[in-house]
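Can you read through this structure? Questions will come right after.
The values are calculated or read from the model by the stated rules, or taken from the named source; none is laboratory data. Owing to the predicted nature of the structure, the values given are computational and were not obtained by experimental measurement. Using ideal geometry, Cβ is built from the backbone for each residue, glycine included, and neighbour counts are taken over all protein chains shown.
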Amino acid sequence: MTPAKVWLVGAGPGDPELLTLKAVRALGEADVVLVDALVHPEVLAHLRHGARVVDVGKRGGCRSTPQAFIERLMVRLAKRGQTVVRLKGGDPCVFGRGGEEMLALATAGVPCEVVSGVTAGVAAPASAGIPVTHRGLARGAILVTGHTADDADAPDWAALARTGLTLVVYMGLGRVEEITAALVAGGLDAETPAAAVQDGTGEHQRTVVATVGTLAATVRAHDLRSPAILVIGAVAALAHVDARHRDAIAPASWANVLAAAA
Ligand code: SAH
């Protein structure tokens, strides 16, 4: 039997309307859907009647399904002729292990198609008023993980500090103290604007704006929760937050940034 297809589909961030038309079509064709934790439950409304849903995500510190098991399951189902959708939050290839799954499927001879999704690192800041590459403020943006298996594997924060580009940090909330300290130790001005966006585009969206020097204390004081994106760089000063809050924290060094946005 020729294997059926596996779709690697991005569900976008919090807002279920950010699904692409192609994602909706793939969901409508699926026999089985393997779903990650950060996918909004309303997205599953696009499944056809009788499609099977397998929850392989983790939440609140519970163990997720091992990656190797998910890959084996996809291969087995497809080889049995079942059309599989592997549904992930955001974009499947941005910190979503889409690459590993594509390789595993290719190795097993299973056809696979990627359906890109709206990634949280762009959409969460944008929905909070932060364009990550705002002209005149940032010539680019770097997508980086704040969560690495060990310190030897950690990003070179000092090198990133020198780029002058917007830093978009995924999975950074838990280590915001270490990340911001490493950036300042690496030469980044402690007054550089910095923001954190919780549940971007979702029902529980909250944004805080601070400086690199004060971001960690600010997210803790406001009890920001995961999922959250950290944005570090001048563009963070453009966030739509209560003006009083921003006036209270904006150092004089932000004047030109705020003037650019006015
Ligand atoms: N593939 C996903 C990222 C998965 S890694 C994507 O492209 O968006 C998980 C991390 O993504 C979270 O720790 C958080 O940093 C970020 N994230 C996912 N959804 C988010 C949301 N709605 N708001 C803010 N951050 C989000």
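Return the pair list, or none, for Cβ contacts closer than 6 Å from residues in the stretch 159-181 that are within 14 Å of VAL212 (Cα to Cα) and free of Cβ contacts under 8 Å to residues at least 60 places away in the same chain to residues that are in a strand (DSSP E or B) and more than 11 Å from the ligand (Cβ to nearest atom), at least 6 apart or on different chains.
LEU160/LEU167
Can you name every residue in the stretch 126-164 that is assigned to a helix (DSSP H, G or I), at pLDDT below 95 and under 20 Å from the mean Cα position of the chain (by Cα)?
ASP153
Continuing with the same structure: Is it true that some residue in the stretch 208-221 is in contact with a helix residue (DSSP H, G or I) (Cβ under 9 Å, 6 or more places away or on another chain), free of Cβ contacts under 8 Å to residues at least 40 places away in the same chain and within 15 Å of the ligand (Cβ to nearest atom)?
Yes, because at least one residue in the stretch 208-221 is in contact with a helix residue (DSSP H, G or I) (Cβ under 9 Å, 6 or more places away or on another chain), free of Cβ contacts under 8 Å to residues at least 40 places away in the same chain and within 15 Å of the ligand (Cβ to nearest atom).
Condition first: at pLDDT 95 or above, surrounded by 17 or more Cβ atoms within 10 Å (Cβ to Cβ) and at positive phi. Now tell me which residues in the stretch 96-125 satisfy that.
Selection gives nothing.
What's the number of the only condition in (1) away from the ligand (no atom under 16 Å from the Cβ); (2) surrounded by fewer than 23 Cβ atoms within 10 Å (Cβ to Cβ) that ALA237 fails to meet?
Single failed check for ALA237: (2).
Identify the single condition in (1) over 22 Å from ILE179 (Cα atoms); (2) outside any helix (DSSP H, G or I); (3) away from the ligand (no atom under 16 Å from the Cβ); (4) out of contact with any helix residue (DSSP H, G or I) (no Cβ under 6 Å at 6 or more places or on another chain) that VAL110 does not satisfy, given that it satisfies every other one.
It is condition (4) that VAL110 fails.
How many residues does the stretch 1-22 hold that are within 13 Å of the ligand (Cβ to nearest atom), part of a helix (DSSP H, G or I) and touching a strand residue (DSSP E or B) at 6+ places or on another chain (Cβ under 8 Å)?
Result for the stretch 1-22: 1.
Given (1) away from the ligand (no atom under 12 Å from the Cβ); (2) modelled with pLDDT of 95 or more; (3) not aromatic (Phe, Trp, Tyr), where does VAL56 come up short, assuming only one miss?
For VAL56, the failing item is (2).
For the stretch 231-241, check the following and say yes or no: at least one residue is modelled with pLDDT under 85 and either closer than 15 Å to PRO125 by Cα or within 25 Å of the chain's Cα centre (by Cα) (or both).
Of the residues in the stretch 231-241, the ones modelled with pLDDT under 85 are 241.
Imposing the further condition that a residue be either closer than 15 Å to PRO125 by Cα or within 25 Å of the chain's Cα centre (by Cα) (or both) reduces the set to 241.
Checked the stretch 231-241: at least one residue is modelled with pLDDT under 85 and either closer than 15 Å to PRO125 by Cα or within 25 Å of the chain's Cα centre (by Cα) (or both).
Does the stretch 210-226 include one or more residues that are under 21 Å from LEU183 (Cα atoms), part of a strand (DSSP E or B) and within 17 Å of the chain's Cα centre (by Cα)?
Within the stretch 210-226, none of the residues are under 21 Å from LEU183 (Cα atoms), part of a strand (DSSP E or B) and within 17 Å of the chain's Cα centre (by Cα).
Then there is this: Got a number for residues in the stretch 19-52 being surrounded by 20 or more Cβ atoms within 10 Å (Cβ to Cβ), among the aliphatic types (A, V, I, L, M) and more than 23 Å from PRO3 (Cβ to Cβ)?
Counting residues in the stretch 19-52 that are surrounded by 20 or more Cβ atoms within 10 Å (Cβ to Cβ), among the aliphatic types (A, V, I, L, M) and more than 23 Å from PRO3 (Cβ to Cβ) gives 4.
Here's something else I'd like to know. Is there a residue in the stretch 188-206 that is within 16 Å of the ligand (Cβ to nearest atom), over 26 Å from VAL39 (Cβ atoms) and either modelled with pLDDT of 95 or more or of a type in the set (D, E, K, R) (or both)?
Yes, that holds for at least one residue.
If you don't mind, there's one more thing I want to ask. What single numbered condition from (1) of a type in the set (Val, Ile, Thr); (2) within 11 Å of the ligand (Cβ to nearest atom); (3) assigned to a helix (DSSP H, G or I) fails to hold for VAL184?
(2)
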